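Asker: Here it is, the structure in full.
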Amino acid sequence: MKNFLARLYTAFKLRRWPHGCRISPLATVKGDVRLGKYTYVSSFADIRGIGSATRIGNYCSVARGVKILSAGQVHSLASISTFPFYLIDRSLRRADFMVPRGDVVIGNDVWIGADAIVLPGVRVGDGAVIGAGAVVTKDVAAFQIVAGVPARPVRMRFSAAVCAAIAASQWWERDYAELRPFIRRIHAHEQQGEEGMLETLALLARERAPASG
């Protein structure tokens, strides 16, 4: 009975999101949050869109315990008190205590490691990696790896040429059925270095190119 109820609850949560999304029943997703296709959110992750929006692209990996915050979680440092008095006084509005912040925008194919925290207003580029436990206070470039508290750049995942080729391919806009014939090449651990990556991207481009004549 317990397993049946768990499956039923999971199915109920998955119906709210685009096809292919996977959201753990133990994750929290609240407010103005949009998730792209095939993105998964692991247990105890907490994604908020209160006072500002959160947008996450396609094929993203959100690990266990990740927190993505919105303006609703920001306390004012410029006031006499940082306490949210609306919690004890119903005549006050929460909106009046929110500190203005921009939206969180996370690109496609982004991996956010366990227990990382992304602060309001941060933008993360396609293909970026955020290390476990990092606190991201500033924007992260596409294909950049960041780690630490506060998060700092570690390195780029690939050379500029490969980063540009992956970005140009926009492979994350495709449905999985379209990618499936190439999955072993896309996810290969050993594919003759960057030459192999460029060859795979060229195959993807040829496969999608319209027939001439």
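Each value in this text was obtained by applying a stated rule to the coordinates, not by laboratory testing. Keep in mind it's a predicted model, so treat the numbers as computed, not measured. Positions of Cβ are generated from backbone atoms using ideal geometry, with glycine treated the same way; all protein chains shown enter the neighbour counts.
Asker: Could you check the simple spin-label distance between Lys30 and Arg184, using points 7 Å along Cα→Cβ, in nm with one decimal?
Answerer: That separation, rounded to one decimal, is 4.6 nm.
Asker: Give a quick list of GluC sites (Glu not before Pro) in the stretch 113-213 that DSSP marks as loop, anything other than H, G, I, E or B, with at most 16 other Cβ atoms within 10 Å.
Answerer: Those that pass, being in a loop and sparsely packed, are Glu190.
Asker: Report, by chain and number, residues whose modeled amide H sits under 5 Å from the one on Ile117, excluding near sequence neighbours (fewer than 5 apart, same chain).
Answerer: Lys67, Ala134, Val135, Val136
Asker: Which whole-number percent is the relative contact order of the chain (Cα, under 8 Å, 6+ apart)?
Answerer: Working: 448 pairs, mean separation 24.5, N = 213.
Contact order relative to length: 12 percent.
Asker: Estimate the FRET efficiency between Ile88 and Ala132 by the formula 1/(1 + (r/R0)^6), using the beta-carbon distance for r and 30 Å for R0, to the nearest 0.05.
Answerer: For R0 = 30 Å, the calculated efficiency reads 0.25.
Asker: One-quarter of the Cα convex hull surface for the chain, in nm²?
Answerer: Answer in nm², one decimal: 16.5.
Asker: For Cys60, enumerate residues with amide H under 5 Å from its amide H, sequence gap 5+ or separate chain, H modeled in the peptide plane.
Answerer: Thr39, Tyr40, Asp109, Val110
Asker: Springs between alpha-carbon pairs under 10 angstrom, Gaussian network model over the chain: which of Arg34, Arg155, Arg90 fluctuates most?
Answerer: Top of the fluctuation ranking is Arg90.
Asker: Within the chain, how many lysine pairs that are 8 or more places apart, or on different chains, have C-alpha atoms less than 16 Å apart?
Answerer: 4
Asker: To continue, here is another question. Name the long-range amide H neighbours of Val29: under 5 Å, sequence gap of 5 or more, or other chain; modelled H, no Pro or chain starts.
Answerer: Ile47
Asker: For Phe85, what charge total do you get from the other residues with a beta carbon under 13 Å from its beta carbon, if Lys and Arg give +1 and Asp and Glu give -1?
Answerer: So the environment of Phe85 carries a net charge of +1.
Asker: Compute the acute angle (0 to 90°) between the alpha-carbon long axis of helix 193-208 and the principal axis of greatest extent of the alpha-carbon atoms of the chain; round to the nearest 10°.
Answerer: It works out to around 90 degrees.
Asker: Also: What does DSSP give for the stretch 11-157 in terms of the percent of beta bridges that are antiparallel, rounded to the nearest 5? Spell out each step's value before the answer.
Answerer: On the way: 4 of 33 bridges.
Of all bridge pairs located within the stretch 11-157, approximately 10 percent are antiparallel.
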